[in-house]
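Trainee: Have a look at the structure that comes next, please.
No value in this document is a laboratory result; all are computed from the given coordinates. Bear in mind the structure is a predicted one, so any value in this text is a computation, not a measurement. Cβ: placed from backbone, ideal geometry, glycine included. Neighbour counts: every protein chain shown.
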Amino acid sequence: MLAIFLKTLPFFAVIAIGYVAGRTRFFTEEATAYLTKFVFYFALSAMLFRFSANLSLAEVWDTRLVVAYLWGTAFVYGIATAVGFLRRLDVATTAIEAQCAAIGNVGFLGIPMLTLLLGAQAIGPIMLALAVDLIVFSSLIVILVTGSRDGASGGLLLRTVGLGLLKNPMIVAIGLGLIWSAFSIPIPTPMNDFLAILGGAATPGALFAIGASLASKSAERISIAGWLSFCKLVLHPLFVGFAMVLFAVDPYKAGVVVAAAALPVAGNVYMLAQHYGVAPQRVSAAILISTAISIVTVSLVVGWVSTV
């Protein structure tokens, strides 16, 4: 377990450097926003395209894994939703809290860290988990928030969701990469080198951006943030792990996805909360607290799945 912790420590050390840079204002919020854009639209997209272009959909796709991950994540999403309604929250706020409870930082933290810790073959299961998060749950929150607030028609909702998916560079990069792979097109050496150089910036850039963005977040409403962090770091991997056993998923793939489920609350949940003006402070606190605690919990989960 100590060996796993020492392997994860450099990743969190880069996050810590970003946090210090943001906290001291050496790296301003505007600089952090532009760095995040660079990673999101360019570096991470290059990495995902290169990974997926070298994989075939047949190699990546696993119906049992997708169903199990969807089942486990939806269960935790449902628990957070039920607790929100018991507290008499409105639909939009409940949806934001449920997103915190079930959606982890798979894109920025999971892909670079878990592929190093669990092997390059982990990229397939991680991308499937990421695709479920982006396609199913990112769409769900748009439907819930927009539908409850504006009473939008079905056609308008579908258009909003569809445009949101098409504008997400991670989905586009994975999709284009798999299409490239499906046609068995070899990646020319100059193009492969270009993608490797650009994609190589994704890991340090993403980790630094996570830290710098945390510096601008406040730890208000600690009790709620603590509950949401508990859902994300404990309940989510627990129920996903149970679902993996229930659906008899390959042990290695199951371990990868359970580790992905153990990641802290995703930064894009805060972006959604800000965009819709729904409880950004509690999302901010949940991201801050869950990321701090995950230094220990992620190591424990990765160490456990590595021995199963």
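Trainee: Over what distance in Å are the Cα centres of segment 117-138 and segment 190-257 separated?
Mentor: 10 Å
Trainee: Hey, for a label at L9 modelled as a point 7 Å past Cα toward Cβ, could you say which residues of segment 116-146 have their backbone N under 18 Å away?
Mentor: Output list for this probe position: 117.
Trainee: Then there's this: Can you work out ³J(HN,Hα) from phi for every residue in segment 171-180, in order, using Karplus 6.51 cos²θ - 1.76 cosθ + 1.60 and θ = phi - 60°, giving whole Hz and x for Gly and Pro?
Mentor: Rounded to whole hertz, the list is 5, 4, 5, 5, x, 5, x, 5, 5, 4.
Trainee: Suppose only helical runs count, i.e. DSSP H with n ≥ 4. What mean residue ellipticity at 222 nm does that imply for the chain under -39500 (n - 2.57) per run, divided by all residues and rounded to the nearest 500 deg cm²/dmol?
Mentor: Calculated from helices alone, the mean residue ellipticity at 222 nm is -24000 deg cm²/dmol.
Trainee: I would also like to ask the following. Can you give the net charge of the other residues whose Cβ lies under 15 Å from the Cβ of I126, counting K and R as +1 and D and E as -1?
Mentor: Numbers: positive: R50, K253; negative: E59, D62, D133, D250.
Neighbourhood net charge equals -2.
Trainee: So, by mean Cβ neighbours within 10 angstrom, what's the order for 110-116, 176-182 with the highest one leading?
Mentor: Highest mean packing first, the order is 110-116, 176-182.
Trainee: Using all alpha carbons of segment 224-264, what is the percent of pairwise distances in each 10 Å bin, ordered from the shortest bin to the longest?
Mentor: With a bin width of 10 Å, the distribution comes to 33, 47, 17, 3.
Trainee: Right, here's the next one. For segment 59-73 and segment 5-55, write down the distance between their C-alpha centroids in whole Å.
Mentor: Cα centroid to Cα centroid, the span is 27 Å.
Trainee: Next up: Could you line up D133, D193 from fewest to most neighbouring Cβ atoms inside 10 Å?
Mentor: D193, D133
Trainee: In whole Å, how far is the Cα centre of segment 273-303 from that of segment 75-90?
Mentor: Each part reduced to its Cα centre gives a spacing of 18 Å.
Trainee: Now for a separate question. Quick one: order L9, L140, L65, L166 by neighbouring beta-carbon count within 10 Å, fewest to most.
Mentor: In increasing order of surrounding Cβ atoms, one gets L166, L9, L140, L65.
Trainee: How high is the relative contact order of segment 2-307, in percent, counting Cα pairs under 8 Å that sit 6 or more residues apart?
Mentor: 35 percent
Trainee: For segment 71-140, rounded, prolate or oblate, judged on the Cα gyration tensor with a ≥ b ≥ c (square roots of eigenvalues), a/c < 1.5 rounded, else prolate if a/b > b/c?
Mentor: It comes out prolate by the Cα gyration axes.
Trainee: Here is a further query. How many percent of all Cα-Cα pairs in segment 176-308 sit more than 18 Å apart? Could you put the intermediate results ahead of the total?
Mentor: On the way: 5763 of 8778 pairs.
More than 18 Å apart: 66 percent of the Cα pairs in segment 176-308.
Trainee: Give me the distance in nm between label points sitting 7 Å out from Cα along the Cα-to-Cβ direction at V296 and H275, one decimal.
Mentor: 3.5 nm
Trainee: Sticking with this one: Test of understanding: ordering K253, K37 by Cβ neighbours within 10 Å, fewest first, what list do you get? Can you show the working numbers first?
Mentor: Details: K253 22, K37 12.
The fewest-first ordering by Cβ neighbours comes to K37, K253.
Trainee: Now for a separate question. How would you classify segment 1-135 from its alpha-carbon gyration tensor, with a ≥ b ≥ c the square roots of the eigenvalues: rounded for a/c under 1.5, else prolate if a/b is greater than b/c, otherwise oblate?
Mentor: Oblate, because a/c is 1.5 or more while a/b does not exceed b/c.
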